[in-house]
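The values are calculated or read from the model by the stated rules, or taken from the named source; none is laboratory data. Everything numeric here is computed off the predicted structure, so don't read it as measured data. Glycine also receives a Cβ, built like all others from the backbone with ideal geometry; neighbour counts cover every protein chain displayed.
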Amino acid sequence: MGYYSKVAPSLKKFLKGKLLAAKNWIPGMRFQILKRGSKQKPLYLEDLIEAVNDDFLELRKMHLQEARSQLSEKQALVWEYFIPRKLSDFFYATNGEGAGKPIERVFYDLDRGEGITSAQAQNAALHFCNAIRDDKDFQLKHERLVCWTGSSFHVFLLLKKPVPASDYVKLFQYSEKNPLATFTGKWAAQVQKCVSFRVEGGHEKKKNALTFDPSQTPSGKLCRAPFSLHMKDANTVDGVDVPLMQKMLEQDSLVEKLQSYDANKTVKDLPLLAKRLP
């Protein structure tokens, strides 16, 4: 929690008005405990920034029932979302909680199937961004953002104006029966012309293939926040979500550099990293 309190102010603009979520890793358990606005009271970044201070972090050394009388309502809510002494992924609702809300962000997870390397995912991300940039039929004004997730890559289209939920199906949802029916399949086909490994759209991870998966876009779905820790297991942080400039995808040894990020390095480089966020 101390780490997230340090990076949170840099996310004020990016996560303004977005409902937060946390996935808490519990040692010895096969599943994680997910806290989110559709099941708990809503938590916003502004609440987290207001609630977390040195006194609060000191109280978290205690059990909740011992500390509850000293907690504000927002501090108790942050405590509920981010369980003390546990590793937590930091998420947010991509386009709000509940079904049918307008789409403000289109979110692609570049899902690496077994046999696909991070370097290949980097190459695919670069060509995917170029395909979007060069597509004259795609008229939605947007900013593109690429993030290293700690394991692979995400590509975001941050729309200047929200579109109806139905436009996700019409424009972005991948169709196995008609792959070129939406932009997702069209852009994937363009990438396939540029790489030697298999790429496609969809939401199913496949062996020896990289999948451009937009399925976490609709409201009610979650997305990893920039600077979130990425966990290998309940005891091991194996990466950090780092925002990138698109041109960085052209760099040799980029993945090696990104894999060097841990919590300390992220906080140290935060002024530079935060400038990459729209």
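Couple of notes before you dig in:
- First in segment 23-45 and farther than 11 Å from residue 77 by Cβ, second anywhere and of a type in the set (Asp, Glu), Cβ under 6 Å, 6 or more apart: 23/89; 38/97
- Residue under evaluation residue 253, criteria (1) at negative phi; (2) surrounded by fewer than 21 Cβ atoms within 10 Å (Cβ to Cβ), criterion not met: (1)
- Every residue from segment 193-234 that is farther than 17 Å from residue 156 by Cα, of a type in the set (D, E, K, R) and in a loop (DSSP other than H, G, I, E, B): 193, 204, 205, 206, 207
- Filter pass, residue 199 being surrounded by fewer than 16 Cβ atoms within 10 Å (Cβ to Cβ), in the same structural domain as residue 128 (by TED's automatic domain parsing) and not basic (Lys, Arg): no
- When 272, 249 are checked against the criterion of being touching a strand residue (DSSP E or B) at 6+ places or on another chain (Cβ under 9 Å) and part of a helix (DSSP H, G or I), 249 stands alone in meeting it.
Yes/no matrix, rows are residues, columns are (1) touching a helix residue (DSSP H, G or I) at 6+ places or on another chain (Cβ under 6 Å); (2) outside the structural domain of residue 160 (by TED's automatic domain parsing):
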residue	(1), (2)
86	no, yes
107	no, no
116	no, no
123	no, no
128	yes, no
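- Within segment 98-192, strands (runs of 3 or more DSSP E) holding 3 or more residues that are closer than 22 Å to residue 207 by Cα and either modelled with pLDDT under 95 or touching a Cys at 6+ places or on another chain (Cβ under 8 Å) (or both): 153-163
- Here 83, 26, 33, 103 are screened, and the one residue that is surrounded by 17 or more Cβ atoms within 10 Å (Cβ to Cβ) and either among the polar types (S, T, N, Q) or out of contact with any Phe, Trp or Tyr (no Cβ under 8 Å at 6 or more places or on another chain) (or both) is 83.
- The conditions of being under 19 Å from the mean Cα position of the chain (by Cα), assigned by TED's automatic domain parsing to the domain that holds residue 116, on the phi < 0 side of the Ramachandran plot and of a type outside the set (S, T, N, Q) are met by residue 158.
To keep it simple, each residue is scored yes or no on (1) more than 30 Å from residue 31 (Cβ to Cβ); (2) of a type in the set (A, V, I, L, M).
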residue: 170; (1), (2): yes, no
residue: 211; (1), (2): no, no
residue: 219; (1), (2): no, no
residue: 239; (1), (2): no, no
residue: 258; (1), (2): no, yes
residue: 269; (1), (2): yes, no
residue: 273; (1), (2): yes, yes
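- Of all residues making up segment 115-174, the number that are surrounded by 22 or more Cβ atoms within 10 Å (Cβ to Cβ) and free of Cβ contacts under 8 Å to residues at least 40 places away in the same chain: 0
- Taken together, the criteria exclude residue 244 from residues that are of a type in the set (A, V, I, L, M), over 18 Å from residue 105 (Cα atoms) and either in contact with a His (Cβ under 8 Å, 6 or more places away or on another chain) or not assigned by TED's automatic domain parsing to the domain that holds residue 45 (or both).
- Count - residues of segment 26-81 that are over 27 Å from residue 230 (Cβ atoms) and among the hydroxyl-bearing types (Ser, Thr, Tyr): 2
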